[in-house]
Structure formats: C-alpha cells, structure tokens
Amino acid sequence: MSRTDTVTRADVTDVADLTDLTPGDRHGRAYWAVADCWNVVRRGLTHYQRRPVMIAWQLGFPIISVLLYGYVFGGAMKSPDGGSVRDFLMPGMFAMTMAFGFMNTAIAVVTDASKGVIDRFRSMPMAPSAVVTGRGVNDLIIACSELAILAATAFAMGWRTDTGIVASLAAFGLLLLLRFCLIWVGILLGLLVPNAEAAGGLYVVAFPLTMISSVFVPPSTMPDWLGTIAAWNPISSTAAAARELFGNPVASDGSWIQEHSLLMAVVWPIAVTAVFAPLAVRRFQRLSR
Amino acid sequence: MDGYAVVAEGLEKRYGDKHALAGFDLAVQQGSVHGLLGPNGAGKTTAVRVLATLLRFDGGRARVAGVDVRCEPRQVRRRIGLTGQYAAVDEVLTGRQNLEMFGRLFHLGGRRAVRRATELLEQFDLVGAGDKGVGTYSGGMRRRLDLAASMILAPDVLFLDEPTTGLDPRSRGEVWEAVRRLVAGGTTVLLTTQYLEEADRLASRITVIDQGRAIADDTPDGLKDRVGGDRIEVVARDAADLPAVAKAVARVADTDPTTDALERRVHAPVTDRVAALTDVARTLQEERIGVEDIGLRRPSLDDVFLRLTGHGTQTTEEAA
C-alpha cells in the first residue's frame, strides 16, 4: 500500500516524477543502522572539508600547549627521573587533548539539538541510533587525526618512543579509549545544556579536571590531598599508561593506583562508559517524552 | 476516515499534572492547507510533535496519511515532512550537500539523492545558491531549503510549525509562495501559526486551539464572521466626549459599540469599511469632537481569542 501511495503522489508532483522516491527497503534494520551512521559521519567529515579552519582551531590548543610546555616551561621543569621533560609531557598532552574532546562532542550535539536538526532526524525514517553512533564514530575519526598531528608535532620536537610499534599502538589505543568513554559524557551534556554558549562554559569545569592530574607534573609534587585526587583522575591513568607503553618517564610514587595505570587506563573508561552511555541513550530517548 | 490526511481524536499529553493536550481533536482534509491557530503555549507545537511522531502521547488516537501514529511511527515517518520553528538545516554544508545528506538518510541511495537534490533546488528556486554554504543564506532562503529538505520523499503530509516566525515580509511572501506550490502538487499541509493573517492567506480551514483543546474549527471567513470582521475604533481626546463618539459610531456599526472608558476608546464591528470610516470622521468633525486616533482594525488573533474563549492571548500560560 505504501508503494502505490508514494508513486501516485509522485505522479502529481510536477518534478517528483523525474526521480523515483520509493525508499530503498531491500535491507534490514541492522544494515540501515550502519548505513545511516555512516551518512551522519560523512556529514560531520564534510564539515572539516568545508571549514578546514575548524580542525586548526581544535588542534590549536593542544599544539600550542605542547610548544608552550615543551619550550617555555620545559627548561625550568625537571623530569622526575632525569629523562627529558618533553618525553614526560607529550603523552600527558595527548591524554589532555583526548579529555578535552568531550567539549567538541557536547557542542556539536547541542548545536544540532537547538537548531532542530536532531528533531528532523527523528522525524525521518532513518535508524534513530545513527544520530548517536554517527556522532561517536565521527569524533573517534577526528581524535585519530588529532593524535596523528600531535604525535608528528611531538616527534619534530624530539619526542621519541623506544618500545616498538605494538606498544606504541597500544598506547594510542588507550588514548582513543579515553576519548571513546568521554563521547558519552559529551552526548549527555550536549542534550542537557540549553545552547552552544552554555556548552562552551563547560571549559570552566574541564580545565581544572585535566590540570589536577599527572598530565603536567607527577602527583607526588602536589600537596598530599591534591596529589591523591590527581593520581585517581582517570586522565592520569591513561597518561601514565601511555608513558609506560611509549617508554617515556612515568614518575610513579609507588602507590597502588600509579603502579596499576595500565589496568586502570582500561578500567576507568569502561566504568565511565558503563555509567554515561545508558544515561546518554536514556536522555536521547527521553526527547520523545 | 476517508478523505482525511490527518485525524486526531481526543489526544492527551500531560507533563506532570499539566495538560499540554487535553482531548485535542483535528481532521485535516486531504490536499488542503489546514491552519492550527493559537497563542504561545496553547499546544500547537505539542500537537504537531505528537502527529510527527516526535512525542509520545498519553491518550487518544491519531492517524496520519492513513497510518496509526502510535502503532507504526516508522511508517508515518516515511509519509510526512516536518518543518519546525527553526530552519533545521546544517549551517556549514551547502544547500545541495544538505539535501543530498537528508536524501541518503531517507534511504534514497547516493545517486537518487543527488538527483533529488538538483530537482528540489530548482523547485525551491535555490539553484544559484545551491553550492554556497547555508551560513550565507537569508532567512527566507534558509526556510525554503528547510521546506525542500522536508519534501525529499514528496510526503503525503507536511507539518509546518510556525514557518514564518521571525522572517521579514519579503521572506514571508517567498515561503507562502513555496507552500502554495506544494499544495498545488497535492501535498496536505498542517500549518501552525500565531498570525490570523497567515492562516487566512494559506488555509482553507482553521482550527483554533486553546489550552490543549480545539475550541473552533471553521473556514477563515466563518471564523472572522464569528469574531465580527473588521471594526472601527475611535480614541477620544476627552473622556466627556465618549457618549457622543459612541453615538457617531453606532450610526455605522453592525452592533452596539463597546466603550472602554479607561482608554477613552470606542469600537464596533463594521461591514462597509471605508464608508463607515468617512461617515464617522465627518460626524465627529461636524460636532467638533477632539479625536486622538481613528481607524479601521482587522480582527487580530487577540480578537478571535477574546471572542471564542472570553480571555485574551496573554492569559494562556506558557506550556509549549
């Protein structure tokens, strides 16, 4: 019945008869969940193609941080175990960039939500999950390119790994895992805040959350109570695990959390995902309440 | 119900103990433009969002393009287009890229999506701007692109939620023109608006909604007849002159004039607009009555509401 209806309608619309408008229905739901996700990703990537400046903005902060901390403070800072300060800093910078990524997710989501784009998607016969999965895949692809550019910058500044390709890839994998779990935080926040300006205000929260960690200095150099918080910061676990895998100075003080950074760099993201993914999905479904 | 593209019966939507829709009924004839008229918070947007499958509802029944909204939302989504209060298009992409993206998400496949985008750019007069970023579009162009995006599958039913709010008069005219062309092509349109003029220009039938309930369903003319059509309005300079003004107005008016002493205003419905205005103006001049303002007023949404509900538009609480 649907077919005949659509065809009849197409006949009366003067231009519509040029193109057959019967949606492709040969495939099942799983196929469309993937295909629609990819179409949403394509849209996100086209943004970067249309506005290359966007990627420059997103990368500008970490690259400038790398340069600032590497050259401006690098000389004054002593590496915890006598190695190069830059070698200690770089994995921290990578982790920080991944951590700040949730802001980009949140801003993208709230922009779509406040402009009615998410409502349009929801009123279409596409797979509803693609709105969320498309965002996630898009952000992971961007995170990969961010890591590649940061690593190249770090390499140019003299940062080296000496543990081989497998360990290095594992380190990048853990960094992406951190980014992955924060996608859910970003989606949830994007659906909770009223507009992009409010999402921008999240920096006030994000900045200390990344600073109180082992990203810049070992927690052992902080006051005890602050050092403990910093050590248990999930970003610290990822940064320390990446340092270990890259063969860079780790500066562990021997405490349990710092001795188990590899384990915790997996456990933390899984825990964050376990909490925030259901919350984000529920929030998305609640749009129809 | 045959011949109806949208049928709603006793729709209920509650937020806590607040009723956004309280037994809302609607019947939209196939191939027509149906206006849904009401002030902010009357339940217009809630009704459209329920019918467009964006909101679950708590009670009642609704069928859109012959499909049950509650049981088969996916089937409904293939037969409808939705244009919300914001132009829901991607600002960064070009107009063409937007239409191609939405076409692929409507499962047309890459090649058909590309062809459909070209057709729609022509149909909505956006060929020249098709390859420019939407960020550079005017309000009217954005709206037309928005309309084009909701027409990708040439839907049976198109929901337009306040399509011209915030547009300048020229853009408004462009959007009205686009809507007329769609209807000529056979699409049924449900249009929500706060402007009686807009509903009057486009719709063949108007449902007035207040506090989540349809309080009138009529043709635009029928509705205006109920409100009393145009009226003449005189503001006296001196309150003491009000009886004399009322007498002058009564000579041309269809019913007894209403006097608002506080605002020194006398008004009454009239049929022969220009004759009434000149007659009253001459009388007042001959009797040397000081007049601060005199004129003809078209019935506004406020008037419709006052007449139909006994309260103005401001008293309806925000609930959208």
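Bear in mind that the values in this text are calculations on the coordinates, not laboratory data. From a predicted model like this one, the values you see are computed outputs, not experimental measurements. Because the Cβ atoms are built from the backbone with ideal geometry, glycine has one as well, and the counts that use them run over all protein chains shown.
Things worth noting here:
- Among beta bridges that DSSP assigns inside chain B, antiparallel share in %, nearest 5: 65
- Among B:138-148, B:20-30, the peptide with the highest mean count of other Cβ atoms within 10 Å heads the list, and the full ranking is B:138-148, B:20-30.
- Between the stretch B:16-42 and the stretch B:101-130, the Cα center-to-center distance that results, in Å: 32
- Angle of helix B:95-105 to the longest C-alpha principal axis of chain B, folded into 0 to 90 degrees and rounded to 10: 60°.
- Inter-chain shielding of A:28-41 (mean C-beta neighbours from other protein chains, 10 Å cut-off): 2
- Reducing the stretch A:30-77 and the stretch A:259-289 to their Cα centroids gives an inter-centroid distance of 22 Å.
- DSSP bridge orientation in the protein assembly as shown - percent antiparallel, rounded to nearest 5: 65
- Burial ranking of peptide ranges A:174-181, A:281-288 (average Cβ count within 10 Å, highest at the top): A:174-181, A:281-288
- Estimated from helices alone, the mean residue ellipticity of the protein assembly as shown at 222 nm is -16500 deg cm²/dmol (sum of -39500 (n - 2.57) over DSSP H runs with n ≥ 4, per residue).
- Whether the protein assembly as shown is rounded, prolate or oblate, judged on the alpha carbon gyration tensor where a/c under 1.5 counts as rounded: prolate
- 10 Å Cβ neighbours from other chains, averaged over peptide B:118-129: 2
- When both the stretch A:131-175 and the stretch B:134-163 are represented by their alpha-carbon centers, they are found 40 Å apart.
- Helix A:85-114 vs. chain A, principal-axis angle (Cα, 0 to 90°, nearest 10): 20
- Packing, taken as the mean count of other beta carbons within 10 Å per residue, orders the peptides A:37-45, B:206-214, B:44-52 from highest to lowest as B:44-52, B:206-214, A:37-45.
- Of every Cα-Cα pair in the stretch B:252-306, the percent that sits beyond 13 Å: 67
- Partner shielding of B:82-92 amounts to 6, given as the average count of beta-carbon atoms from other chains within 10 Å of each residue beta-carbon.
- Beta-bridge orientation, the stretch B:143-266: approximately 65 percent antiparallel, per DSSP, counting only bridges with both partners inside.
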